[in-house]
Amino acid sequence: MCGIVGYTGPREAYPIIVKGLKRLEYRGYDSAGVALQNGGLHVYKKKGKVADLEDSIAGKNVHAHVGIGHTRWATHGEPNDRNAHPHQSASGRLAMIHNGIIENYAQLKSELVKKGYEFKSDTDTEVLLNFIEEILVKNDCSLEEAIRIALKRVVGAYVILLLDAENPDTIIAARKGSPLVIGVGKGEHFLGSDASPMLEYTKEVVYVNDYELAIIKPDELILKNLGNEKLTPYVQKLDLELASIEKGGYEHFMLKEIFEQPQTINDCLRGRLDAVAGTITMSGIQQYAEQIMQTNRIIMVACGTSWHAGLVAEYIFEELCRINVEVEYASEFRYRNPVINPGDVIIAISQSGETADTLVAIETAKEKGAIILGVVNVVGSSIARTSHGGAYTHAGPEIGVASTKAFTAQLSVLTMIALKVGYMKGTIPQQRYLRLLNELNELPEKAAWVLQQHEKIKAIAEKYKDARDFLYLGRGYNFAVALEGALKLKEISYIHAEGYPAAEMKHGPIALVDENLPVVFIATKDPYHEKVVSNMQEIRARKGQVISVITEGDEHSASLSLDVMIIPEADEIVAPILSVIPLQLLAYYIGVSKGLDVDKPRNLAKSVTVE
Ligand code: G6P
């Protein structure tokens, strides 16, 4: 959460920083600010989105060749101008931006207050900044040294970027637990929470690791650890195109990403799945194949939509691999002293690869001897680097805050892993294995078919957009799809929605049913279809408004529903990859029809890098 940008070099810094911040707004958009070096430090900040900051600066002199910028997702202190970053130190010499949380800030603050410091904001960031300045003055040392000393006292997660009025061409950066990428240009450097702010300028990047500190000048990048030893920066080539982070003619990123799914599912299968030869090639899984086959249990850890992918995968792995699977919210798992034995396999599922809880959960499990496999979208991200092996989802940058294409890519990858392991273990009959490979292969085409219903789904959205609550019901593989459908609606339309196992509905949610409640059934053809149809009847009998996602040709379910969204015939194991798509569109169109900013829903952030 929070996006950070920096630039030092011969170009005008301000336009680069503002453009970069707009690309990072998916990380937070409560307030934004910049600090520029121009014959002294100039700080501008504003509550609201980056566009509000730009408006507030219009007409001011923003000429500078060095600067840093921040877009905030508030943790300590409400979103307002005062709490916006950058913060300036008490003397005014330093400016700093921060992504993360300083957990022991209250203690540091009380020490500083005793020394006479006064604070202009409620943030932990201003505390850390003045703590650094206090050390700088007291020890009469370099800023770099002061930062090193300060960070040894800090408990929490951070990426910090600092400007020093006395060293105007330099940016100092440090990281622990939050992401930082440095773009290396000719006589210039770029900084970002991810590589998107620097894409049009350079393809050479350095991913900074935890406990590293970087001193960045236009033509020099010095990387050190907190013990002051010099490190050799590992420069990597970026495999990302500018077009992939632009809207490409769509009104919103979310819509673009929903419509990209035939392509992204294909990208995820390509080079891995060979339905003709009957093989799945995944080198990051192959390496650990023996251990996965022998393990007694697999634990999936994830948050949000990625956790829903884990729930679907639980059913798939248990069926195809006959391995006991547990699916854990990373935030619960990490704090309850879970039993982890050497040889346990943990699969961390994460779009961003930066979710703090998921990252700490796998670090803890790794220490206890577990094998960590990452199913991650962002290449080079912290979770990807912390995992022993795994597979990327190759869905390309996902910018809409509500996850869509990453979910279907996660399911595609997890299904392939389960098929591979199950086949090696001999727990999948050959015929079923080959059939499922074909089913996977057909998914891109079937997803495109589902998307053709977008106009019809838009009309359904229009009809139900004013409902106060929604209930989503599914069973078996579609239970997690019901949860995901409800989550999508909550996230972007602010309508209360609840996902529930269809049969379990009788133990509570049925009390909510009346003629005003839309109930969305995910009722595609599978072995428990008839049971779900009975649940539909139960809702109809209580005058609930039944909307359903059904399999093509299922006239009976259609006759019980007021509105239907259709998927083509598909094996129950791969069906969730299709049945979720209409629910993504339904949520999207309801959000849009209510006039909401679906790409940046209130209070949410794409990448949750704080606990
Ligand atoms: C946030 C995002 C969700 C995402 C979740 C987990 O809540 O808004 O879309 O599912 O984090 O993120 P991850 O990057 O680990 O998949």
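Going residue by residue through the stretch 232-253, is there one that turns out to be within 16 Å of the ligand (Cβ to nearest atom), part of a helix (DSSP H, G or I), under 19 Å from the mean Cα position of the chain (by Cα) and closer than 25 Å to Val481 by Cα? Within the stretch 232-253 (the criterion being within 16 Å of the ligand (Cβ to nearest atom), part of a helix (DSSP H, G or I), under 19 Å from the mean Cα position of the chain (by Cα) and closer than 25 Å to Val481 by Cα), the answer is yes, since at least one residue qualifies. Step by step: first the residues of the stretch 391-420, then only those that are more than 13 Å from the ligand (Cβ to nearest atom), among the small types (Gly, Ala, Ser) and under 19 Å from Ala570 (Cβ atoms), then the one that is surrounded by the fewest Cβ atoms within 10 Å (Cβ to Cβ). Which residue is that? Once the filter is applied, the top-ranked residue is Ala418. Among the residues of the stretch 360-379, those that are over 11 Å from the mean Cα position of the chain (by Cα), within 14 Å of the ligand (Cβ to nearest atom) and either among the small types (Gly, Ala, Ser) or over 11 Å from Ile347 (Cβ atoms) (or both) comprise Val360, Ala361, Gly374, Val379. Kindly evaluate Gly310 against the criterion of being within 11 Å of the ligand (Cβ to nearest atom), within 23 Å of the chain's Cα centre (by Cα) and closer than 24 Å to Val181 by Cβ. It is false that Gly310 is within 11 Å of the ligand (Cβ to nearest atom), within 23 Å of the chain's Cα centre (by Cα) and closer than 24 Å to Val181 by Cβ. Considering (1) of a type in the set (A, V, I, L, M); (2) in a helix (DSSP H, G or I); (3) in contact with a strand residue (DSSP E or B) (Cβ under 7 Å, 6 or more places away or on another chain), the lone condition that Ile316 does not fulfil carries the number (3). Taken as a whole, the structure leaves Ser548 outside the set of residues that are closer than 26 Å to Leu596 by Cα and in contact with a Gly (Cβ under 9 Å, 6 or more places away or on another chain). Among the residues of the stretch 539-564, the ones that are of a type outside the set (Asp, Glu), closer than 27 Å to Leu437 by Cα and open to solvent by less than 30 Å² (accessible area, probe 1.4 Å) come to 3 in all. Residues in the stretch 361-373 that are touching a residue at least 40 places away in the same chain (Cβ under 8 Å) and either open to solvent by 10 Å² or more (accessible area, probe 1.4 Å) or out of contact with any Asp or Glu (no Cβ under 9 Å at 6 or more places or on another chain) (or both): 3 in all.
Only a single criterion out of (1) open to solvent by 10 Å² or more (accessible area, probe 1.4 Å); (2) touching a residue at least 60 places away in the same chain (Cβ under 8 Å) is not satisfied by Ile567, namely (1). Going through (1) without any contact (Cβ under 8 Å) to a residue 24 or more places away in the chain; (2) in the same structural domain as Tyr158 (by TED's automatic domain parsing) one by one, Val235 falls short only on (1). The numbered conditions (1) among the aromatic types (Phe, Trp, Tyr); (2) open to solvent by 40 Å² or more (accessible area, probe 1.4 Å); (3) out of contact with any Cys (no Cβ under 8 Å at 6 or more places or on another chain); (4) in contact (Cβ under 8 Å) with a residue 12 or more places away in the chain are all true for Phe317 except (2).
Residues in the stretch 144-194 that are over 28 Å from Gln107 (Cα atoms), among the aliphatic types (A, V, I, L, M) and open to solvent by less than 10 Å² (accessible area, probe 1.4 Å): 3 in all.
When Glu318, Glu354 are checked against the criterion of being more than 8 Å from the ligand (Cβ to nearest atom) and in the same structural domain as Gly390 (by TED's automatic domain parsing), a single residue qualifies: Glu318.
When restricted to residues that are under 26 Å from Thr408 (Cβ atoms) and either open to solvent by 10 Å² or more (accessible area, probe 1.4 Å) or among the small types (Gly, Ala, Ser) (or both), the stretch 325-358 contains 16. Picking from residues in the stretch 288-307 that are away from the ligand (no atom under 13 Å from the Cβ) and open to solvent by less than 10 Å² (accessible area, probe 1.4 Å), the one that is farthest from Thr609 (Cα to Cα) is Ala289.
The values are calculated or read from the model by the stated rules, or taken from the named source; none is laboratory data. Note that the structure is a prediction, hence the values are computed from the model and not measured. Quick reminder, even Gly has a Cβ in these numbers, built from the backbone with ideal geometry, and neighbours come from all protein chains shown. Note: areas computed on protein heavy atoms with side chains; ligands, DNA, RNA excluded. Shrake-Rupley method; radii C 1.70, N 1.55, O 1.52, S 1.80 Å.
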